[in-house]
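Novice: For reference, the structure I am asking about is given below.
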Amino acid sequence: MTFEDLFWPWLQGASSIVITDPYIRMFHQIRNLMELIEMIAIRKAPEDEVSVHLVTCLDEINPDKQQCNLAAVEGAAAAAGIRFTWEFDDTGTIHARHIVTNTDWKISLDRGLDVFQKFEMNDAFSLTNRLQGFRQVKAFEVTYLKVDGALSLGSTSRKACS
């Protein structure tokens, strides 16, 4: 299971993607975000410009590190023609995790992007470190919703993985 399997059919052709996940705080969560952006960079046409906007919550324990990591993602994404931006929701009301595109798809994610079991990230020679398809996944659900511009619900398909 890879982010390409889970997301690309619904992200393909989108020029604007909004990710809402209040838990993009720790290193592994930001790495998952970076891997999603890498997948978009590899799959999109070189001439296509894509905007990815993240709505998350500020890490109360280490906000400087979180912002530094998000800035690093922004710089890396720019090199691939992806405009990455983020904002911190300070209302304390966001909980649901989802991805919405300007191609009328909403991908509801019960675990957000955090679908992989823990693996050794410091081993450069480990395939689980380099390739998502070699990682074990946690139990999670993804729901794909076709919505119109007003975000009214349309047809639904569901995929559960464990």
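Novice: For region 55-77, which positions are under 13 Å from Glu87 (Cβ atoms), without any contact (Cβ under 8 Å) to a residue 40 or more places away in the chain and assigned to a helix (DSSP H, G or I)?
Specialist: Gln67, Glu74 - these are the residues of region 55-77 that are under 13 Å from Glu87 (Cβ atoms), without any contact (Cβ under 8 Å) to a residue 40 or more places away in the chain and assigned to a helix (DSSP H, G or I).
Novice: Here are some residues: Phe3, Phe84, Phe88. Which one is at pLDDT below 95 and at negative phi?
Specialist: When all the criteria are applied, what remains is Phe3.
Novice: State all residues of region 24-57 that are surrounded by fewer than 15 Cβ atoms within 10 Å (Cβ to Cβ) and of a type in the set (A, V, I, L, M, F, W, C); if no residue qualifies, say none.
Specialist: Phe27, Ile42, Ala45
Novice: Moving on to the next point. Residue pairs, Cβ under 9 Å, 6 or more apart or interchain, first in region 13-32 and over 16 Å from Ala96 (Cα atoms), second assigned to a strand (DSSP E or B) and at pLDDT below 95. List them.
Specialist: Close Cβ pairs satisfying both conditions: His28/Phe116; Asn32/Phe116.
Novice: What tally of residues in region 63-85 results from selecting those that are under 16 Å from Pro46 (Cβ atoms), crowded, with 20+ Cβ neighbours inside 10 Å and either under 13 Å from the mean Cα position of the chain (by Cα) or of a type in the set (Gly, Ala, Ser) (or both)?
Specialist: 1
Novice: In region 15-36, is there at least one residue being part of a helix (DSSP H, G or I) and farther than 15 Å from Val115 by Cα?
Specialist: Within region 15-36, the subset part of a helix (DSSP H, G or I) is 27-36.
Still in the running and farther than 15 Å from Val115 by Cα: none.
Among the residues of region 15-36, not one is part of a helix (DSSP H, G or I) and farther than 15 Å from Val115 by Cα, which makes the answer no.
Novice: So is Ile19 touching a Leu at 6+ places or on another chain (Cβ under 7 Å), buried (at least 19 other Cβ atoms within 10 Å of the Cβ) and under 20 Å from Val142 (Cα atoms) or not? Walk me through how you get there before you give the answer.
Specialist: Values: touching a Leu at 6+ places or on another chain (Cβ under 7 Å): yes; buried (at least 19 other Cβ atoms within 10 Å of the Cβ): yes; under 20 Å from Val142 (Cα atoms): yes.
Spelling it out, Ile19 is indeed touching a Leu at 6+ places or on another chain (Cβ under 7 Å), buried (at least 19 other Cβ atoms within 10 Å of the Cβ) and under 20 Å from Val142 (Cα atoms).
Novice: Looking at Leu113 and the list (1) in a strand (DSSP E or B); (2) buried (at least 17 other Cβ atoms within 10 Å of the Cβ); (3) at pLDDT below 95, which single condition is not satisfied?
Specialist: So Leu113 meets the others, but not (1).
The values are calculated or read from the model by the stated rules, or taken from the named source; none is laboratory data. Bear in mind that the values here come from a model prediction, so they are computed numbers and not experimental data. Heads up, the Cβs are rebuilt from the backbone with ideal geometry, glycines too, and the neighbour counts pull from every protein chain shown.
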